[in-house]
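The structure appears right after this line, and notes come after that.
Coordinate-derived values only; no laboratory data. As the structure is a prediction and not an experimental result, all values here were calculated from the model. Here Cβ is always computed from backbone atoms with ideal geometry, including for glycine, and neighbour counts include all displayed protein chains.
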Amino acid sequence: MSSAQILIAVTETAVFFKILGRANFNLSAHFKSAIAELQSRGHRRFVLDLSECESMDSTFLGTLSAWAIQLESESGREGVLPIELWNPNERITSLLDDLGVKHLFRICAPERIGIDFQAAPTGPVSREILSQTSLEAHQTLMAVDPANIPRFKDVVAFLREDLARLKSPAGGTGHRETS
């Protein structure tokens, strides 16, 4: 399975996301939008079932990390881990360690439970939104662990330049959409 998809289930106790395939930068904008919508409805406990997630790129992980930091800050209780990651594979666990963000999440390996997931809304996303999401994600990774600065400083510089081009009147491509 290589195409990525987000499934969502809202219960009385938590919001469950199931990530299928590769959690990448294209999926990040949809994920971020779903998070904002659910938080606006008052949801504060989130679970990501990663049992069918093959891999995660730095943009998706940075978006996830920024969200964990925001939720912890909003809770007013330092050290509270409002996001559970269920059954991440070894590749994802290693990435969490390597990028210094594992401490932001509660990692669990629960038994399978019956949850009725539905596909999250998707649609075209502008190149500008994709670039902005990726920029914010990489800035988060660099802020969480300074060891990430050498890894991502060139990516951040490129994304800033790309956003400036997209936002300039001559850039004109900021409205181009990708799926």
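Here are a few things to note about the model shown:
- Helix axis angle, 58-75 relative to the chain longest principal axis, alpha carbon, degrees: 60
- Relative counts (whole %) of C-alpha pair distances in segment 90-175, using bins that are 10 Å wide: 14, 30, 30, 20, 5, 0
- To the nearest ten degrees, helix 149-167 and the longest principal axis of the Cα atoms of the chain are 60 degrees apart.
- Counted over segment 5-119, the DSSP beta bridges are approximately 35% antiparallel.
- Of all lysines in the structure, those lying under 16 Å Cα to Cα from LYS18, and not within fewer than 8 positions of it along the same chain, are LYS32.
- Neighbour-count ranking [beta-carbon atoms within 10 angstrom, fewest first] of HIS138, HIS43: HIS43, HIS138
- Fully extending the segment from ARG44 to ASP97, taken as 0.36 nm per residue of separation minus the present Cα-Cα distance, adds 16.6 nm.
- Counting only residues at least eight positions apart within a chain, or on another chain, the aspartates and glutamates with an alpha carbon under 17 Å from that of LYS167 are GLU128, GLU136, GLU177.
- Histogram of C-alpha separations across segment 5-119, 5 Å bin width, %: 2, 11, 23, 28, 21, 11, 2
- Efficiency of FRET from Cβ geometry, ASP145 and ILE113, R₀ 25 Å, rounded to 0.05: 0.15
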